[in-house]
1. Of everything in region 357-371, what is touching a Pro at 6+ places or on another chain (Cβ under 9 Å) and at pLDDT below 95? Give them in sequence order.
2. Tally time: how many residues in region 22-56 are free of Cβ contacts under 8 Å to residues at least 24 places away in the same chain and surrounded by 14 or more Cβ atoms within 10 Å (Cβ to Cβ)?
3. Looking only at residues that are of a type in the set (Asp, Glu) and in a loop (DSSP other than H, G, I, E, B) in region 20-51, which one is nearest to Tyr7 (Cα to Cα)?
4. Residues of region 204-242 being crowded, with 17+ Cβ neighbours inside 10 Å and within 30 Å of Asn172 (Cα to Cα), which ones?
5. With respect to the numbered conditions (1) over 25 Å from the mean Cα position of the chain (by Cα); (2) within 27 Å of Ser39 (Cα to Cα); (3) not assigned by TED's automatic domain parsing to the domain that holds Met258, which one is the sole condition not fulfilled by Asn383?
6. Take Lys244 and decide whether it is among the charged types (D, E, K, R) and assigned to a helix (DSSP H, G or I).
7. All but one of (1) under 30 Å from Ser226 (Cα atoms); (2) modelled with pLDDT of 95 or more; (3) out of contact with any Ser or Thr (no Cβ under 8 Å at 6 or more places or on another chain) hold for Met409, so report the exception by its number.
8. Regarding region 412-420, can at least one residue be identified that is without any contact (Cβ under 8 Å) to a residue 40 or more places away in the chain, on the phi < 0 side of the Ramachandran plot and of a type outside the set (Asp, Glu)?
Amino acid sequence: MTRVTCYGGVNEIGGNKVLVEDGDARIWLDMGQSFGFGSEYFGEFLDFRSRFGLRDYFALNLLPRLPGLYSAEWLEGARFDYEPARFSAVFISHIHFDHTNHLKFLDPKIPVHMGEGTKIMLESWEETGRFNLEEHDYRTFRTGRRIRVDGVEVTPVHVDHSAPAAYGFLLNTEAGTIAYTGDLRQHGPHAEMTREFIEAAAREKPVALITEGTRVAPKDPRQSSSEADVRDKSIDTAGRSKGKLVIATFYPRDVDRMRTFLEVAKAVERKYVLQSKAAHLLLSLRRDARISVPDVLRDHDILVYDRRFDKQPSWESDLFRQLGDRVVTSDDVNRHQSDYLLQLDFWTLNELIDIQPAPGTTFIHSKSEPIEEDDEVERILRNWVRFCKLRRYQYHASGHMSEAEVGDMVRTIAPKVVIPVHTEHPERFTRFSPRVIQPVRETPIPLT
């Protein structure tokens, strides 16, 4: 019996937790947290009671009560007895938290497979304090490597996404091949990777395609821009910002966007000032020769920003020591505003108080536009832009396929069954395939 059960990513963006069972194999595809996870019950000043482990998660039906999945530590106080690991493996498609964040709850004896680049990024983010997924039996792979797990052969195939080292998977089961997309796009700088996944999946004539559909919607708020579009528009805007600072904000794991704004800075003859955690990530990724990243240590157009903490972490002290005089502070940026293109993210907006950007300073927002009008992050961001009298521009290239591109992919792969996840509109997939099974959370879908 081969079956697929979705424990997350059902009628929602992110939170993928897909269990594939085939014979003795019980394999998870991603272990993420959705963007709205727990928001019905918790908020900024009301959180899960961590002292009781997973008790609140189970009581509110936010996590499945599956024996042999969770660690003994997280089950302490949860009113759910620990049992030895019952699952074969977890395969992680990419680093984003909506595909990884619930790894922290898992029994560390369950092997976790991820791309080599993903593991490097994870180590960087854990060292710099942004991430903690606990200890696991990590095993890394490259594209095309065949991994045998309890009788099922899993082949990772690289795809292009807004994080490097992103993969889809092909699982050869008794029922036939199951293809899983992870997150992917065709308008990024490595579109050929996504095409290779689609071609590989089509050759397998899969019995099922488990596919994301982030942008499959009646109305798509995301523009279909490429990374080259972001670069060209930003160069034009920065070039017109004579005598003033240029500020750019983007997701701090988007290596392609970091490279794009370095190209922008060079084109308009400015120094590129990175936050220290972004610089640490780029420096770490130099260990993976297959990922092209800016060279923080050798490229003298790259500077790193010092937020001047009272107690500097050792990783940051070591980074600054290697950079020497290429470390700048708010005072430096304030005095030489026309010389810099500065990366700020949401968590460093308060540096604007000391930087004191001149009125009319260019602020390039290179993230998705907010979908909800009451988005709290967007409200705060607008207040900073207004207070500092910044001039805001929106240039972004999505990490996901458009609805039309998803439709073309489904028709090219031509699976017997389509299972939509990571989408709020699974019903729209009937436009692309005659047989679509809309998953119901925790309800098995038999494939044989």
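1. Once the filter is applied, which keeps residues that are touching a Pro at 6+ places or on another chain (Cβ under 9 Å) and at pLDDT below 95, region 357-371 yields Ser368, Glu369, Pro370, Ile371.
2. Number satisfying all stated conditions: 3.
3. Asp30
4. Those that are crowded, with 17+ Cβ neighbours inside 10 Å and within 30 Å of Asn172 (Cα to Cα): Glu204, Pro206, Val207, Ala208, Leu209, Ile210, Thr211, Glu212, Gly213, Thr214, Arg215, Val216.
5. Every condition holds for Asn383 apart from (3).
6. Spelling it out, it is not the case that Lys244 is among the charged types (D, E, K, R) and assigned to a helix (DSSP H, G or I).
7. (3)
8. no
The values are calculated or read from the model by the stated rules, or taken from the named source; none is laboratory data. Note that the structure is a prediction, hence the values are computed from the model and not measured. Every residue, glycine among them, receives a Cβ derived from its backbone with ideal geometry; neighbour counts consider all protein chains shown.
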